[in-house]
Amino acid sequence: MRYPENNYIDCVFGVEFLGSHVVLIVELPENKNRVRISELYEHLATKVYKTYLKEVDPLKIRWLEYFPPYALKARGEDVTSIQKNYGVFNEVELKYDPKKGFYYDPTWNWVSHLVAINRYGIGINELLDSIRESEIRDLV
């Protein structure tokens, strides 16, 4: 996905749905010279919610942020050996304004890749393969 479609701020990101109430927003490597997903997270979450999840109670959705290893490398960041293999996961808590219809005030909580795998059933290899496949589809 791209946010926003018609504005000077540009962010390219991936979305993975882990069940019906867990959303993983992913920093993609082609986003390296653009605004980071963390800087726009509440806007990205609002866009994902309005596009895909309008029927779900917005307060029941769990939000995650993921920086895959190759996205970290694309930005030239120093990474640990664990991050080099698995990337970085964060749980993101958001407040929701029902009158205005948007998320706001994100707070991030780092989670290890083992917690992400166990708590959310994330398969790292499958996730990375899925992201790569969606990148190829977007290029075609």
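The values are calculated or read from the model by the stated rules, or taken from the named source; none is laboratory data. Values in this document were obtained by computation on a predicted structure and should not be read as measured data. Every residue, glycine as well, gets a Cβ built from its backbone with ideal geometry; the counts of neighbours run over all protein chains shown.
For this structure, a couple of remarks:
- So Gly76, is it modelled with pLDDT under 90 and either crowded, with 20+ Cβ neighbours inside 10 Å or within 22 Å of Tyr104 (Cβ to Cβ) (or both): no
- Tabulated pairs, the stretch 50-61, first in contact (Cβ under 8 Å) with a residue 60 or more places away in the chain and over 15 Å from Asp97 (Cβ atoms), second among the β-branched types (Val, Ile, Thr) and surrounded by 12 or more Cβ atoms within 10 Å (Cβ to Cβ), C-beta under 6 angstrom, 6+ apart or interchain: none
- Check on Tyr41, closer than 22 Å to Ile122 by Cβ, modelled with pLDDT of 90 or more and exposed (fewer than 14 other Cβ atoms within 10 Å of the Cβ): no
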